[in-house]
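All remarks here apply to the structure that follows.
The values are calculated or read from the model by the stated rules, or taken from the named source; none is laboratory data. These numbers were taken from a predicted model, which means no experiment stands behind them. For neighbour counting, all protein chains shown are included, and Cβ atoms are generated from backbone atoms with ideal geometry for every residue, glycine included.
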Amino acid sequence: MRLLVVEDEQKVANALREGLEGEQYEVVVERTGESAFFRVNTEAFDLILLDLTLPGRDGLEVLRTLRDKGVRTPVLVLTARDTLQDRVQGLDSGADDYLVKPFAFAELLARIRALLRRGRENESPRLSVADITVDLITRKVSRSTGPIELTVREFELLEYLLRHQGQVVSRETLARDVWKETARTTPLDNVIDVHIARLRRKVDHEQPVRLIHTVRGVGFVIREGEP
Ligand code: CA
């Protein structure tokens with residue numbers, strides 16, 4: 001992981017470099033907003049640690065410019081300013097997190113890890129409808145109320161419904177595409193119904209908006225609102 005540290009105070013910059021390199025991060029230090037801006041435009045970083053009080057263009061200006069240019073790299077603002085207004089300004093300008101000096105190095109590391117993790121999650125392909133999200137790589141499923149634990153089969157079923165969201169899928173289709181069973185003498189209808197019931201309990205139980213619906217005589221559909 002490659003980090004850009006934007007800090008004009010030599011002592012602080014050196015301490016950050018030493019500590020972060022000790023944690024196996026690759027560290028590049030820039031001392032002004034202009035040079036940082038130039039670096040970000042020409043090289044890729046996984047995270048930027050940005051001091052706010054810099055000579056020339058200050059950190060907030062740099063941050064706003066980066067975001068205006070569409071740079072999405074996570075930014076952790078480091079600063080001695082700690083008034084509420086400063087925090088709000090920092091976050092409004094596009095910072096992902098905010099740490100007030102002096103801070104414990106362990107806390108800095110924890111925040112960095114959290115931001116890098118979040119960045120990776122954001123890259124994962126996802127399927128969603130209404131407030132349900134399925135991450136196809138981490139295989140995490142969640143609604144706004146929190147995470148949902150699914151079995152492998154339930155996950156496959158939900159993924160299939162989401163890939164066909166808004167369309168009614170029949171039991172025959174599910175048997176063929178999810179269970180991969182085409183030549184069974186007894187239909188899988190009961191098995192499918194049991195899995196749908198379990199999935200629905202996990203996804204829709206006590207939710208104000210139900211997402212998985214049965215269309216009588218046809219099959220099932222995932223969508224926001226009744227079909
Ligand atoms: Ca400074």
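Considering only residues that are away from the ligand (no atom under 16 Å from the Cβ) and out of contact with any helix residue (DSSP H, G or I) (no Cβ under 8 Å at 6 or more places or on another chain), look in the stretch 1-19 and name the one that is nearest to residue 117 (Cα to Cα).
My answer is 2.
Among the residues of the stretch 58-85, those that are at pLDDT below 85, within 16 Å of the ligand (Cβ to nearest atom) and buried (at least 16 other Cβ atoms within 10 Å of the Cβ) comprise 79, 81. Among the residues that make up the stretch 23-46, is at least one of them away from the ligand (no atom under 16 Å from the Cβ), at pLDDT below 90 and of a type in the set (S, T, N, Q)? Looking for residues that are away from the ligand (no atom under 16 Å from the Cβ), at pLDDT below 90 and of a type in the set (S, T, N, Q), one finds at least one in the stretch 23-46, hence yes.
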